[in-house]
Structure formats: C-alpha cells, structure tokens
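For reference, the structure discussed in these notes is given below.
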Amino acid sequence: SAQTPTDLTLFMTFIPNIQFAPVYVAIEKGHFSDAGVNLTIQHGDEPDGLNLIAAGELQFGVIGGEQVILARANERPVVYVYEWFQKFPVGVVAPSQNNIVTAADLKGRKVGIPGLFGASYTGIVALLAANGMTESDIQLDAIGFNAPEVVCLGGVEASVVYINNEPLQIQNRANAGQCGDTTAVNVISISDAADMVSNGLITNEATIAENPELVRNVVAAFDGGVQDSINNPASAYLFSALYVENLLTDEAFETALKTESAAQDEFLATNPDREAIAASRVALLERLSEQFDAETLVQFRVLLNTIDLWDADRLGYSELASWEVTAETLTTMGFLQTQTDLEAAFTNDFLPAE
Amino acid sequence: MQQSTLSTILNPIERDAGAQKLWVRRFIPALVMLMLLLFWQIVTMLEIYPAFIIPPPIDVAEKFYAVLLDGRLWLHTQATLSAVLSGLGVGVTLGLVLGYLIAKHPLLEDSLAPVIISLQSTPIVAYAPLLVIWFGSGPTSKVITSALIVFFPTLMNTVVGIRNVPRPLHDLMRALRASRWQTFTKLEVPAAMPVLIGGLKISATLAVIGAVVGEFISANAGLGFLITLARSQYDTALVIVAVITLAIIARILYWLVTLLERHVLAWQSRARTI
Amino acid sequence: MQQSTLSTILNPIERDAGAQKLWVRRFIPALVMLMLLLFWQIVTMLEIYPAFIIPPPIDVAEKFYAVLLDGRLWLHTQATLSAVLSGLGVGVTLGLVLGYLIAKHPLLEDSLAPVIISLQSTPIVAYAPLLVIWFGSGPTSKVITSALIVFFPTLMNTVVGIRNVPRPLHDLMRALRASRWQTFTKLEVPAAMPVLIGGLKISATLAVIGAVVGEFISANAGLGFLITLARSQYDTALVIVAVITLAIIARILYWLVTLLERHVLAWQSRARTI
Amino acid sequence: MGLSVRNVTLVYNAPGGGVLPALGPVTFQIESGSFVSLVGPSGCGKSTLIRILAGLQEPTRGEAFLGDIPISGPSSRVGLMFQDSNLMPWRTVQDNIALPLELGGISKQERYAAVENLLPTLGLSDFGLAYPGELSGGMAQRVAIGRVLIQKPEVLLLDEPFGALDALTREQISVDLLEVWAQYRQTVLMVTHDINEAVLLSDRVLVMSQRPGQIIADIPVTLERPRCLEDIYSDVFGKTAQQVRAAIGR
Amino acid sequence: MGLSVRNVTLVYNAPGGGVLPALGPVTFQIESGSFVSLVGPSGCGKSTLIRILAGLQEPTRGEAFLGDIPISGPSSRVGLMFQDSNLMPWRTVQDNIALPLELGGISKQERYAAVENLLPTLGLSDFGLAYPGELSGGMAQRVAIGRVLIQKPEVLLLDEPFGALDALTREQISVDLLEVWAQYRQTVLMVTHDINEAVLLSDRVLVMSQRPGQIIADIPVTLERPRCLEDIYSDVFGKTAQQVRAAIGR
Ligand SMILES: Nc1ncnc2c1ncn2[C@@H]1O[C@H](COP(=O)(O)OP(=O)(O)OP(=O)(O)O)[C@@H](O)[C@H]1O
Ligand SMILES: Nc1ncnc2c1ncn2[C@@H]1O[C@H](COP(=O)(O)OP(=O)(O)OP(=O)(O)O)[C@@H](O)[C@H]1O
Ligand SMILES: [Mg+2]
Ligand SMILES: [Mg+2]
C-alpha cells in the first residue's frame, strides 16, 4: 500500500527478550513496513495487555492461548489469529539423579512452580491429567521465577519451567559444578503429553470486523518474521540484539554470527527443505560451541531451543483439538466454569496462502 | 468527661459545638464513601470503559457475597492478615529498637544508614532466590516483605521522636537518677508519642502493601495471591473484591492506631485552650 | 564555628573530643562498608552458595565496569533517577499540602483517611490497566508509583509536625496578627522541621523503591527494568550491579536530606548543652 | 486607646470534671495613656484576663473593649508580653526581637537597626546572635521585653514582665520602661507580684481576689510624675504600698 | 552533707564564635545543714553553678564537692529545683509531684498519700488531676516545688523557686520551707532575686558579680532562729539587707 503507514502498537508480555526475535526480525527486515504498518512494541503484564486489546485501547498482541479462552469466557472479545508457538513451551525439569524421567515419576515429589496461575500451572495440570494424575498426587511449591537456584540447591526435586530456557540454565550451572550433585537434567515436555495452544498473535473482534485487511497484513508480516528467524537464527540473533540488551557482549561472537548469517543466506538461496534447515541449525550450534564458552552462547541457545517450539509444517495454523484440550484442562483446574465457543476463539482465516 | 478526648473545647458554652462536631465527624466519612460509590456507579453507567475494566458496583458486591459465602475470601484474608500482623510486629519492634539505639548513638546512624537505606531502596525480588531458598514458599517471605517496609518509617520516626525529647526534661530525669529504662518508659516514650503514633499510622498502612508484595513474589494463599489469580482468570470483579478487602484491613489497622492515639494522647486535647 | 553544626559540645576543652568524633564519624561508615564487602568475599570463598546465586565481588565489579563503560548503566540510571526525582517532587508536594490541610482541619482527616489509606494499602498492579490507558507505557506510571509511596509518610509527618507546633507560639503569632502565610512560613514550617526532615528521609529512600516497582510493572528502561532483564537472563552479577546502583541513588538522596537537615536544624546543635 | 471590661467571666472545664470558674465577673476601665498594675494571688485569673484583653480568648460571659470597640481578636495596636518568654528556639535573639517588625513587613535593614538600638537597653549587647537555648532565664525574659517594646504599640499588656530579673536589672529596666512610657504615653496594664514595683510605676493598682478573680480594690497612686527610684522612700509611696498590701491580705 | 566548690570555671562557646566565660572562678563552702542564698545579676552564672553542683554539668576547670566526694554526676541525696518548672505535660499534677517517688520504686499507694499530704501546703488541693497545660504560671512553679520537697533530700538546690509567685503565696511557702528545713536541717543553696527573702531565710548570702560570676560578697545573717515574717522589721535584718544591696550595687 502506497499510503502513509498505519501506526500500530503490538503488545508483548514481559520485557524485550530473545524469544521475541521474530518480531524484531519482521520490523528490521521491513515486513511490517511492507505491510503498511509502522510498529511499536509495548511490553507489560499479560492480563493487562489482553484487557487493553479487548477494550480496544490496543489492537494486536502476543498472548497465551489459555488466556484467550479464559478472557473470552469473561466477556473479552479477543480472537487468536496466528499460532506462533506450535508447541506448548512448558515442561518439568529435574536433575538426572532424582530419577524423574516420566510424568509418573513425579508422584509424591516436591515440584516447584512459579505460581499457581498462568501457563506453567495450566501445563502441569495438563501433564498430570494426561497421565491419570491430579495435582494432589504431587507436592506443588510456589517458588516464583527462581527455578535454577532452587533446583540446584535441592529445594525442590523438580520444577515446572519453560523448556527452552531453564533446563539450559541448570545444565550450564551443572557443567560449571555449581549445581550440587547435578551433572545432567531430564526434561519432560508437556507438549509430548498434551497438545495445548500456546502463545500466538491476537486481535479483537472489532478490528477483524472493521479492518480485516489490516489483520491479514499484520499476520503476514509476523509470519515473515517467524519464518526468517527459523531459517536464519544467526541473523535473527543479530537483529534481536538491537532490541534486547546483553546479547552481544563479545565482539568475536558478533563477527562469527555475521559470517554465519551471510553463509546461511547463501544456503537458503538453494531452497533447502525444513529438515535441511533444522540440520543447519544443529551444525551451526556445533561450530559456535567450539569457539565460544557456554556463557556467551546461552542466549543464542535459548533462541535455538525456542525455534524448535515454533517450527512446523504450516506456521501459524491452529487446530481445534488443541483448543479443546486446553479448555478441558482449564475446567479441571476450576478456572473455567462455563462452556465457551472455542471455534470463535481463534481463526486461521488470516494466514497467508500456502 | 467522655467526650474530652474528642472535643478540645474547654468552655462549657462551646460544648454543644463540640457535640455537633462529633456528629459531623462520624457522618462525613460515611458521606465521602457514599459519594465515591455513587461516582463509581455513574462511571460504569456512562460506559466510559467496558465492564471488564471497571465492573459496576453491583457485580462486585455479588462477587463479594459469593466469595464470602464459599469461604475463600476469609481464607485468603486470614493468610494476608496473619502476615500483616506478624510483619507489623517484627518491623515495628525492630524499628523501635534500632531507632532508639540510633537516636542515642549518632555513630550508629552513620554506620547503619548505608545498610538500612540499601535494604529499603532495593527491590525484594532481587533477593527472591535467596528468600525462597531460605524460607521456602511459606508465609515467612511475606512477613519479611511486610516487616521490611514497616521497619524504616518506624525507625525514622523513632529517631526523630527520641531526639526531640526536650533537653530540660532529660536533665530532670538525670537529676532524679532515673535508670535508662525509667528514662525510656517515663520520659522518652511519652514525649516521643505523637511522632511514634504518626510512624505507627504509616506502618499500619504500609504493612498491608508489604505483605501483598510478598504474595506477588511467591505464595499460594493470601489476598495478593487472590489478585494475581483473579487477574489471570480475567475476573476483574474478584480483583476489586480483594483490593477492597485489603483497604478494609488497612483501614481497621489505622483505626486501631487512632484508638491508641486517643488513649495515650488524651492529655493533649485536655490541656488545650480554645 | 565551621564545626558547630556537627559538634554539639560547648565546652572548649571538649572541642578536641568533637574533632575526634568528626573523624570517627567519617571513618566508621567506610569501615562498615568494608566489613560488609569482606563478609561477602568470605561467603563466596566458602562456597556456601554457588556463584550464580551469590557471585563473588570481583565478578560484580567486572560487570559493573563493563556496563559502566558501554553506557547502559548510565542510561538506566538516568531513567530511574528522573522518575525518582519527579516522584519525589510530586509525592512530597502533595503530601505537604494535603498534610498541612489535614493538620488544620481534622474533619478533612476523617473524610480523606479512607481514600488515602486505600490508595496506600492496595497494590498498584490492580490499577495497572487504567494506568496504562491513562498514561500509556511511558515514564508516567513509574512517577506515579514513586509519588504514591512517598506521599503518605510525608503527609503523616506533616500532620504530626504541624499539629505539635507549641500552642504558646501560635498564640504569639496570633497576637502579632501574623497572616496565615506568615504563620506557616515563620512558625509552622520551622517548628515542624525536625519531623518534616524525618519524613523527607523516609520519602527519599522510598521514592527509589517506588520507581523500581513502577518499572517492574511496565517499562523499557530503568534499573528496575534492568533487574527484570538480568533476572530473565539469569545474570546474577548484573542484578547485583543494578541493586547496588539503586542503593547508591538512595544513599545520595538521603545524604542530600542530611545536608538540608544540618543546614536548617543548625540551631538545635548550637543550643545544646553537653 | 483605653481598655475596659464589663462583667467578664471565664470558666474552664475542671480537671476532675465539672467546671472551674477561673475569672470574674470583673468590670473596670483603664483610661487612655494611664499605667495600671494588676496584682493578685497565683492562679486568680490575671493571665486569663490579659489573654482576653489581648483578644486571644473569648470570655465565657461579658465583654471587653479596646477604646469603644468590642474586642473580637488581636489588634495591631496592642502589644502583649506573655508570662513565659515564649521565644522561637530556632531564631537568634535579634530575630526574635525583630519578629513583630518582620511580620509587619519592615525591611531587614530597618529591623536590625531597631534591634541594634534596643539591645544595650536590654543588656544583651553581645547576645544578638545567640539562640534562646544559650540564654539564662532572665536574658530570655529580656528578649521578650524587647520583642514587645520594638512594636511601639498604643496599648501594652505585660504579664509579669520582670519576674525572672534580679533586683538591679529589674529597676533599671522598669525605669527605662517608664521613660518610654513618658515619651509615648501608651496605655499599660501590667501584672506583677512586686508591690513596690506596682506602686512605683502605676497610676492605679488593681487588686484581685482569689480564684475566680474579682477586683477587690482599685488603689490610685498619687505620686508625682516623673518618678524616680528614690520615691520609694517617700511617704505617699509607703502609704500606698501599705494600702495595696492590706488589700491583698484581705 | 556540705557543699563546696574550688576554683570552678565554666566556659561556653560564644554565640558569634570564640568563647564565653559564664562563671567563675568561684570558690566557697557551705556547711552541712546551713541555708545559703545566692544572689547576683541576670546571666551571671547562678543557674550554671547550680547545674554544676547538681552534677548535671562538668565545670571547665576546678572541682565541686558534695561532702568530701567530688561531684561526678547527680546524687540521690540532692534535690534540684530548676528555674523553669519543667513539668511533664502528659502527667497530671499529682503524677508530676510523685515522679521522684515513682522513680525510687515507692508503691502507688504511698506515693499518692505523700502527694495528698503535700497538695494543701502547695495550695493545689483541687488540682491533683489537672494537667500542666491547665495551670497558671505560679501553680506550675508550686508543682515543681512539690516535686523537690517530696524527695526529702539532704541537699536542696533551688533555682529561683518562688519567682512566679505572688508576695503572699511566696511568704507562705517560704515559711513552710523554713519549717521543713528546721525539722530536717537540709543543706540549702537557693538562688533568688529577692533580697528580703534571701536575708530572711538564710544563714549566709553569697553575692555574685556580673558574668563571669564570681563571689564578691559573703554576708552572714545573724538573725536568730527560728525566724518569722516579722523579723523583716528588725534592725539586724535591715542592716544585713542593706549590706547585700550594697554588695550587689558594686
Ligand atoms: N488552659 C486551661 N485549662 C483549664 N484551666 C486553666 C487553663 N489555664 C488556666 N486555667 C486555670 O485558670 C485559673 C487562672 O489561671 P491564670 O493563668 O489566669 O492565673 P494567674 O492569675 O495568671 O496566676 P499566676 O500568677 O500563677 O500566673 C487557674 O486556676 C488555672 O488552673
Ligand atoms: N547552653 C548554653 N550555651 C551557651 N551559653 C549559655 C548556655 N547556658 C547559659 N549560657 C550563658 O551563660 C551565662 C550564665 O547563664 P546562667 O543561666 O547560669 O545565668 P543566671 O545567673 O542563672 O541568670 P538568670 O538570673 O537570668 O537566670 C549567660 O550569659 C548565658 O548566656
Ligand atoms: Mg499568670
Ligand atoms: Mg538562672
């Protein structure tokens, strides 16, 4: 569109973080401006952001799927238009010596959790339910966002965490000999047991009704960012460093990433398939690990771990089944009392044509 | 003489005015609350914001009734209240003791100021890992956050109160060879009382928010937890119910301090001329 | 007479003791800080906790140096500092004005207490949506959180200070037909000064934590933001750097109030006997 | 500018409950330009009466007048000296004395000049910069005297102005006061416990009864003016003093 | 229990900078059981001297003794009455008077009995439950007198104890004091501005010079004991008073 670009604010939870790389990439590579959108990012608390979108104060945001269900059940007219995280990012981490390998092993164990709300709580309840257990079968302990510290000091035997970040942190501590007897960790992914909706792009019903073109454009730009990040993590990391502090403290690392990014662009020009690209990421990490220490690489590895959660055959596509599982879990938890029309909670209509 | 603590009027003629004043003083706060309620009702009726951002009073009242009936409100209130009271107890005690010592030994102020100020001005979340490790997810960490926020105003007002005890009265106590303890209980405490009570009023109010902040960091019960929970469940009415309950707790604590004030500072109103 | 504000000693013989005291007073705080540092070093050397929970001082120092060099520390410090100063300005001004009015009109206390106490005892997150709607995600909301926490201690101490101005001096001012403003500036302010300064010391310290709390809720710069960021990246050393910087800000503000105190309360130390 | 009170009564709440009649009823009149002393037992209501005349306190019953105007509040024409020196501890001696001028908007320079003039009379030459905490009891009282003299009011209400002063200083300052008075002819009502002082300075001596204080004697002093200290040994003086003493003793 | 001072000097920091010699050097001795008055101009260091003897302040130079023992702090054998009444505003009259007993661990009952006995003498019978803010200046001073009398100390240091009292009350209370003294024979050092009072009550009158106060006269009073008010008209009295007046005038 040749008109003046629309000013738009995209709400995202928390604070700038490497996990938001696709948005940074989409801005920096011009996907949003191509779509006629001049994007600003606003961070904040998830319920606040959702309320603002529902109230029409904002139009777009990145919000968890279970939040959308709960919000719609409470009269917030929001719609999920792009399933960004294809896998639910929550899991349970446990030092290997605790012999917790499957969900069943959690029985009677002391398990840490940030708090009895939000995605981690939904996740653990779903995991237990999928394995025929309930909350009362384990000892849940609210520990805030302090899992590495508490796990390494043996305060809990396992902890509900985001599988792309904390297991890595704990492993790094273990490798440095700072995690008690722990040398390795086991991770139980909830997505292996239950397919639930996770973070995605949402908007409100008014925007969909009044300006579907805008929704389509924003989804397209967002999708471009996700795809580019999956394809070239080194480049995504470099772009993210413009938004997130503390990512590039080592100049040699930056140089290496630039080289890798250029090489990956050449590789992508050959139209490799999804597997080949995935393999290229693994190879990249191996090369970098030879040159740089764990501390320098940690955020990059978080990015790679997160990319695994996004990657799918059809990016952004949401299945009704996963919504049903999520809603069921919320009902189990007592968070959801009323029956909701899940089909109205999301739509795949705005996804770019395949 | 029942009204002597309230009425500062000494001329009998003006006593009626005093009685009238008393009536106004009871009535006005209620009126203010009523007006706020009315304002709230009007705002929701004008639909300036959607009901899920500012729900109408009636929705909140219903929710209040519901959680009151199912016992959840009382459960969470209890959890918070016990943290608030313990926090208040610990914080005020520490503040009084340390404040007294600092007032007496300026050197102690110099030595401790950096430490105390650091404790006060840095966010508790920064120490969250240590707190969780040391105290687990039990109520201890909320007691600590509550005590911490209460501690400093108590300390400061204790220092000010004790330092401003009139020197001639100190001379009197010295001349009468009063022991340290006697000087403390019979001179310093009563003389510093107005300022101490002021500190206590601050403390009583801040203790509540302190406990709530603790509950935000890690907790599985309490009104702060209820707020987080209700927020995550998009139950705005429940958020407001929890907020109102917190305000009521604080109001009651404040009122208790006011009662204490009327009791121990009765002499002030007695001794006043018109 | 340069040392008159510090030395409360009037006998020339004891002046030397005063000078010595002065030296001790400068020295002791440094000693305390040194001992704390030593304690920290020893704790990390004993490896009671892994370095990622309590990193050794040297790591923190290195991190400090790094973020100082790349300018980030200064950037975040600036953001927080400006919120703190604005919050302090707004909160203290409101507290003084409202405190004065309340001290003068007890009815106002009755009417406003419920509102003020509610504001103080309920968590700001409960109002976060409204705050964002009204003020966006700019620095305004941190200024508000900072002002809010500062407001109450200032108010309370203003009320106490103004209410305890000696009645005979009020009579004097009345007899001299002083205007309201003259009574305020020439009697009430100086008479209430010790208590006001105490309130200011509380405020200066709390303003910092207030701004940080605001930054936790929503911000994209500031030391509170830096702490969240560092915590999300599990960079404990950076967390500590931010915390230390906050403590330094608070210490400096406190020290400024102390300077003010020495200036306006100089007469107190002058007029003291041994 | 005369002073008069008509049936003035003041009642306080009594310590144990009930009421405490503190003063009156009193009725008297002081002509413009006359010097009147008020003597009476401790606690009989002298200070209360002074406060009423100063407009600081409303009588329970009765009325007080400044000239012909009912007193409803402090007047700028009246200078009041409290029984306590009532100084501001954060102000130096000179700033305490200059307070009335400061409130009247007089420039700093003029204020300090006026204080400078007054300090030697008060015997406080070296103490302009001292704080009240650094003064002796008598010195503080002299500062309070200075604060009321600097106002040059038409009516002076003095509540035991020389109570904390030694005999010599007292004599010297009262002679100074007489001189000021001879010059400006203010109306003066002075509470004192010293009968000689009352007689020496006044045109009339009012004697009050026990609480609730009533005027039980109104004794004119017929000594010629100007007076000097030696008048104490005169016959008239002795007789008048005797009269006052007798009235008090009743 | 006598009192003595040897070369006692006290120097304060002067208001404008520099030093302010406030007292001394003074040297004198008061035998056990004698009644000594101290007169001198305002600001000459009388209160300062009293504070030194009470152990509240250390002299800059010289030494003070209670009996043979150097004074290093307040003693339980000494009762001090300050120049200001110095009452605790949050205590009633009876609790203010009873304070020394309370600090001494005397039971509530005994305390109140003792106060009850004392109140009529002080003329405060109806005011036991009043707060200091409800008292007149003279009444407050009487409370302070009560507070020192209730201690029954061996040494009494009185700083202008009757300054705020009217002539009658003053005479009555000083006669009461004399009676108490005749009975217990305490050592008394009393600061006063009233020469008659000094002569009537004392065995000796010490006269101090201008600041820095030094003893410029030590005048024995040879009037017989027990004394009564009428002694004022005696010859010895007149002469002694004249002597004191002359010494002060120097
Ligand atoms: N604020 C007050 N509240 C209650 N009673 C009071 C108050 N002020 C004074 N009184 C009472 O009023 C009476 C008269 O007091 P006032 O101060 O006028 O006496 P006074 O004649 O000045 O005595 P003195 O010579 O001792 O100063 C006293 O009995 C006193 O107890
Ligand atoms: N705390 C102080 N700081 C400085 N100077 C002081 C202090 N107290 C008293 N002085 C000075 O010491 C001198 C003596 O004071 P002191 O109170 O002993 O006098 P005094 O003889 O009792 O006088 P008065 O009869 O007026 O009470 C005075 O000049 C006074 O200015
Ligand atoms: Mg009086
Ligand atoms: Mg004196």
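For the structure I just gave you, tell me whether D:SER85 is within 14 Å of chain E (Cβ to nearest Cβ), within 16 Å of ligand 4 (Cβ to nearest atom) and not in a strand (DSSP E or B).
Yes: the conditions hold for D:SER85.
Would a scan of the range B:238-252 turn up a residue that is farther than 24 Å from B:ALA61 by Cβ and over 14 Å from the mean Cα position of the chain (by Cα)?
Checked the range B:238-252: no residue is farther than 24 Å from B:ALA61 by Cβ and over 14 Å from the mean Cα position of the chain (by Cα).
Consider A:GLU210 against the criteria (1) surrounded by fewer than 24 Cβ atoms within 10 Å (Cβ to Cβ); (2) over 16 Å from the mean Cα position of the chain (by Cα); (3) more than 23 Å from C:TYR234 (Cα to Cα); (4) touching a residue at least 24 places away in the same chain (Cβ under 8 Å): it satisfies all of them except one. Which criterion is unmet?
Exception for A:GLU210: condition (4).
Go through C:LEU148, C:LEU223 for me and flag whichever is in contact (Cβ under 8 Å) with a residue 40 or more places away in the chain and surrounded by fewer than 24 Cβ atoms within 10 Å (Cβ to Cβ).
Unique residue meeting the criteria: C:LEU148.
Just give me the residues in the range E:88-97 being more than 30 Å from E:ILE195 (Cβ to Cβ) and either more than 7 Å from every other protein chain (Cβ to nearest Cβ) or β-branched (Val, Ile, Thr) (or both), in sequence order.
Correct list: E:ARG91, E:THR92, E:VAL93, E:GLN94, E:ASP95, E:ASN96.
A quick yes/no check of all residues on (1) within 14 Å of chain E (Cβ to nearest Cβ); (2) surrounded by 21 or more Cβ atoms within 10 Å (Cβ to Cβ):
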{"position": "D:LEU177", "(1), (2)": "no, yes"}
{"position": "D:ARG185", "(1), (2)": "no, no"}
{"position": "D:VAL199", "(1), (2)": "yes, yes"}
{"position": "D:ALA241", "(1), (2)": "yes, no"}
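Which of the numbered conditions does D:SER4 fail, given that it passes all the others? Conditions: (1) part of a helix (DSSP H, G or I); (2) away from ligand 3 (no atom under 16 Å from the Cβ).
(1)
Are any of the residues in the range B:190-208 under 27 Å from A:ALA54 (Cα atoms), more than 8 Å from every other protein chain (Cβ to nearest Cβ) and assigned to a helix (DSSP H, G or I)?
Looking for residues that are under 27 Å from A:ALA54 (Cα atoms), more than 8 Å from every other protein chain (Cβ to nearest Cβ) and assigned to a helix (DSSP H, G or I), one finds none in the range B:190-208, hence no.
Is it true that E:LEU118 is away from ligand 3 (no atom under 14 Å from the Cβ), in a strand (DSSP E or B), under 19 Å from the mean Cα position of the chain (by Cα) and of a type in the set (A, V, I, L, M, F, W, C)?
No.
Against the conditions (1) more than 15 Å from ligand 2 (Cβ to nearest atom); (2) farther than 26 Å from E:GLU179 by Cβ, where does E:LEU10 fall short? Just the number, please.
(1)
Taking D:THR121, is it in contact with an Asp or Glu (Cβ under 7 Å, 6 or more places away or on another chain), surrounded by fewer than 22 Cβ atoms within 10 Å (Cβ to Cβ) and away from chain C (no Cβ under 14 Å)?
yes
Checking D:VAL143 against (1) away from ligand 4 (no atom under 16 Å from the Cβ); (2) at pLDDT 90 or above; (3) within 14 Å of chain C (Cβ to nearest Cβ); (4) crowded, with 23+ Cβ neighbours inside 10 Å, which single condition isn't satisfied?
(1)
Every residue in the range B:126-147 that is in contact with a helix residue (DSSP H, G or I) (Cβ under 6 Å, 6 or more places away or on another chain) and more than 7 Å from every other protein chain (Cβ to nearest Cβ), please.
B:LEU131, B:PHE135, B:PRO139, B:SER141, B:LYS142, B:VAL143, B:THR145, B:SER146, B:ALA147
Filter the range C:104-122 down to residues that are of a type in the set (Gly, Ala, Ser) and farther than 9 Å from B:PRO29 by Cβ, then give me how many there are.
Residues flagged as of a type in the set (Gly, Ala, Ser) and farther than 9 Å from B:PRO29 by Cβ within the range C:104-122 amount to 2.
Using the structure shown, decide if E:ILE106 is more than 10 Å from chain B (Cβ to nearest Cβ) and not in a helix (DSSP H, G or I).
yes
Quick one: B:ILE117 ticks every box in (1) assigned to a loop (DSSP other than H, G, I, E, B); (2) touching a Ser or Thr at 6+ places or on another chain (Cβ under 7 Å) bar one, so which box is it?
(1)
Scanning for something within 14 Å of another protein chain (Cβ to nearest Cβ), under 24 Å from E:SER4 (Cβ atoms), within 16 Å of ligand 4 (Cβ to nearest atom) and surrounded by fewer than 19 Cβ atoms within 10 Å (Cβ to Cβ), does the range E:202-222 turn up at least one residue?
Within the range E:202-222, one or more residues are within 14 Å of another protein chain (Cβ to nearest Cβ), under 24 Å from E:SER4 (Cβ atoms), within 16 Å of ligand 4 (Cβ to nearest atom) and surrounded by fewer than 19 Cβ atoms within 10 Å (Cβ to Cβ).
Condition test on E:LEU168, is it more than 13 Å from chain B (Cβ to nearest Cβ) and away from ligand 2 (no atom under 16 Å from the Cβ)?
For E:LEU168, the condition - more than 13 Å from chain B (Cβ to nearest Cβ) and away from ligand 2 (no atom under 16 Å from the Cβ) - is met.
Suppose we filter A:VAL302, A:VAL325 for residues that are at negative phi, out of contact with any helix residue (DSSP H, G or I) (no Cβ under 6 Å at 6 or more places or on another chain) and of a type in the set (Val, Ile, Thr); which single one remains?
Checking each option against the conditions leaves just A:VAL325.
Is it the case, given these coordinates, that E:LEU129 is more than 15 Å from ligand 3 (Cβ to nearest atom), within 14 Å of chain B (Cβ to nearest Cβ), over 14 Å from the mean Cα position of the chain (by Cα) and touching a residue at least 12 places away in the same chain (Cβ under 8 Å)?
Considered against the rule, which asks whether it is more than 15 Å from ligand 3 (Cβ to nearest atom), within 14 Å of chain B (Cβ to nearest Cβ), over 14 Å from the mean Cα position of the chain (by Cα) and touching a residue at least 12 places away in the same chain (Cβ under 8 Å), E:LEU129 comes out as yes.
Among the listed residues E:VAL188, E:VAL244, E:VAL175, which satisfies the condition of being touching a Phe, Trp or Tyr at 6+ places or on another chain (Cβ under 6 Å), aliphatic (A, V, I, L, M) and touching a residue at least 12 places away in the same chain (Cβ under 8 Å)?
E:VAL188
Any residue in the range D:159-172 that is more than 17 Å from D:VAL39 (Cα to Cα) sitting within a Cβ distance under 7 Å of a residue that is polar (S, T, N, Q) and in a loop (DSSP other than H, G, I, E, B)? List the pairs, counting only those 6 or more apart or interchain.
Short answer, once both residue conditions are applied: D:LEU165/E:SER42; D:ASP166/E:SER42; D:THR169/E:SER42.
The values are calculated or read from the model by the stated rules, or taken from the named source; none is laboratory data. The structure displayed is predicted, hence computed values, not measured ones. A quick note on method: Cβ atoms are made from the backbone with ideal geometry, for glycine too, and the neighbour counts reach across all protein chains shown.
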